[in-house]
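We did not get these values from a lab; they are worked out from the coordinates using the rules stated. Everything numeric in this text was worked out from a predicted model, so none of it was measured. Here the Cβ positions follow ideal geometry from the backbone for every residue, glycine too, while neighbour counts run over all protein chains shown.
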Amino acid sequence: MDLVDQVILVATGLGAGLMGGLLGIGGSVVMIPIIVHVIGRDQHFAQGAAMLVNVFVAIPAAQRHHKGGRVRKELVQWFAPTTVLFILFGVWLSNQFEDPKQLGLVFGIFMLAEVINTLVKVIRPPNDQSSGQETTDQVRFPAVATVGALTGVAAGLLGIGGGVVSVPLMTTFAKVPLRLAIATSSAAMILSAPLGAYRKVWTLPVMSPDVEGPITAAITTAAYMAVGAVVGARIGAGLTGKLPIRWIRAVFAALLAWVSWRFLMG
């Protein structure tokens with residue numbers, strides 16, 4: 001890996017951490033396309049490396065959310081167990097795609113669906129309860145557990161932190177206030193990301209045979225991105241309560257549109 005790639009990876013980690021802190025996502029929607037389309041690795045390798053970095057994105061982001069009083073124990077207790085359990089199934093499912101390009105196509109389709117979902121929220125903002133008291137009085141806790149299961153499957157299948165799935169589903173179906181949903185996603189990622197990353201990276205010698213020393217290479221790639229991710233996640237989490245959610249979503253939709261286009265076009 002040359003110096004240019006190292007700088008690119010650090011900058012990628014910074015952007016991923018910023019998005020993770022702002023939106024409670026792992027930042028894989030930033031990392032995976034850069035690893036595939038700029039660094040030149042395959043989809044399986046990119047997802048494994050990104051899942052490793054998600055750990056470093058989640059920890060500082062969750063710490064900031066906890067200090068802000070947004071991490072609620074009752075939400076994490078319902079959400080985290082199913083997320084951790086089902087992420088293993090998601091990783092197994094991703095490894096059924098022997099052709100990395102097919103897995104990349106699935107990734108692109110998912111991102112396109114998320115673009116549409118995000119744009120709808122930009123045009124017609126839902127009631128995010130982004131100001132005032134943020135309570136769990138109206139939360140549907142069994143629905144939170146169901147969202148955790150769906151998040152785990154998506155995280156393992158796509159190599160994402162899961163926030164792009166969990167946050168909208170928690171706010172819509174489980175009636176969790178937006179900022180509490182973001183905080184819950186970050187907190188649960190501390191548990192699910194290491195497990196999913198370990199399982200995915202362990203299978204890289206089989207899934208990415210063209211990469212020399214894929215496990216070591218994935219760890220090295222993740223290490224460079226983690227340097228920027230730790231800084232970016234702290235900045236992003238600190239800005240969560242200060243920037244208009246609608247603006248954040250608009251920027252996020254533009255990013256997702258670029259990602260989906262790159263993967264759908266091959």
### Query
Working out 0.36 nm times the residue gap between Thr216 and Ala113, then minus their Cα-Cα distance, what length gain in nm do you get to one decimal?
33.7 nm
### Message
Quick check: convex hull of the Cα atoms in the chain, volume per residue, rounded to a whole Å³?
### Response
101 Å³
#### Entry: Using alpha-carbon coordinates, inclination of helix 73-94 to the longest axis of the chain, degrees
30 degrees
### Task
Above 15 angstrom, tally the Cα pairs of the stretch 171-266 and express them as a % of all pairs, no decimals.
77 percent
### Task
Per DSSP H run of at least 4 residues, take -39500 (n - 2.57); add these up for the chain, divide by its residues and hand me the 222 nm value, nearest 500 deg cm²/dmol.
-26000 deg cm²/dmol
### Task
For Gly162, enumerate residues with amide H under 5 Å from its amide H, sequence gap 5+ or separate chain, H modeled in the peptide plane.
Gly26
### Summary
Descending packing, highest mean Cβ count within 10 Å first, for 33-40, 57-64, 182-189 is 182-189, 57-64, 33-40
## Note on the structure
Taking Cα atoms only, helix 100-123 is inclined relative to the longest principal axis of the chain by an angle, in degrees rounded to 10, of 30 degrees
### Query
So which residue, out of Ile116, Ile245, Ile87, gets the largest mean-square fluctuation from a GNM of the chain using Cα contacts under 10 Å as springs?
Ile116
### Task
Note the angle between two axes, namely the Cα long axis of helix 43-67 and the longest principal axis of the Cα atoms of the chain, as a number of degrees from 0 to 90, rounded to the nearest 10.
30 degrees
### Message
Pick from Trp78, Trp92, Trp247 the residue whose mean-square fluctuation is largest in a GNM of the chain, springs joining Cα atoms under 10 Å.
### Response
Trp247
